[in-house]
1. Need one word for the chain: rounded, prolate or oblate. Basis is the Cα gyration tensor (sqrt eigenvalues a ≥ b ≥ c); a/c below 1.5 gives rounded, then a/b vs b/c decides.
2. Quick one: if you stick a label point 7 Å off each Cα along the C-beta vector at residue 98 and residue 23, how many nm between them?
3. Using 10 Å bins from zero, what percent of all Cα-Cα pairs in region 10-78 falls into each bin?
4. What FRET efficiency would be calculated for the residue pair residue 48, residue 136, taking the C-beta separation as r and a Förster radius of 22 Å, to the nearest 0.05?
5. What is the extension gain from residue 59 to residue 105, computed as 0.36 nm multiplied by their sequence separation minus the C-alpha to C-alpha distance, in nm to one decimal?
Amino acid sequence: MAHTTPAVTATAEHELLRGAGLRVTGVRLAVLRALDGHEHSTADDVVRAVRADLGTASVQAVYDSLNALSTAGLLRRMEPAGHPARYERRVGDNHHHIVCRGCGLVADVDCTVGHSPCLAPSDTHGFRVDLAEVTFWGTCPRCAEHR
């Protein structure tokens with residue numbers, strides 16, 4: 001089942017930020033808009049989108065916003081090995097990702113088995129496990145076509 005993040009109204013975005021204990025700023029709102037419908041964006045992608053939206057924004061302000069929003073649980077940051085970090089608004093459902101080895105395309109994969117954490121480790125070493133992050137690797141159809 002494909003998951004989509006519905007467009008969020010400005011009022012809802014304000015409430016989302018306030019509910020997470022964050023100040024409402026133009027850059028934070030623009031970051032949320034930049035990721036609405038553009039999942040798995042790099043920080044550079046977000047900087048370009050925020051600048052297109054606001055006309056100007058410092059790279060540092062966008063990076064600070066990405067960090068604050070991720071820390072507050074409003075964004076999810078994923079770091080596929082050998083690729084830049086990616087950000088998405090789909091949070092709280094313990095989904096996984098598949099990454100193309102050729103072009104770096106990232107797609108969501110719903111929970112692989114059952115409920116969170118989706119996978120059971122052979123030994124928890126006494127930890128109470130609540131999340132499993134799995135990255136599947138492969139070749140996307142477009143890259144496979146060009147091989």
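1. Values: a/c = 2.02, a/b = 1.30, b/c = 1.55.
Oblate is the answer for the chain, as a/c is 1.5 or above yet b/c matches or exceeds a/b.
2. 4.3
3. Reading the bins upward from 0: 22, 60, 18.
4. On the way: r = 28 Å, r/R0 = 1.26.
The value I calculate is 0.20.
5. Between residue 59 and residue 105, full extension yields an extra 14.2 nm.
Values quoted throughout were computed directly from the atomic coordinates according to the rules given, and no laboratory measurement underlies them. All of these numbers come straight from a predicted model, not from anything done at the bench. Cβ sites come from the backbone with ideal geometry, for glycine too, and all protein chains shown count toward neighbours.
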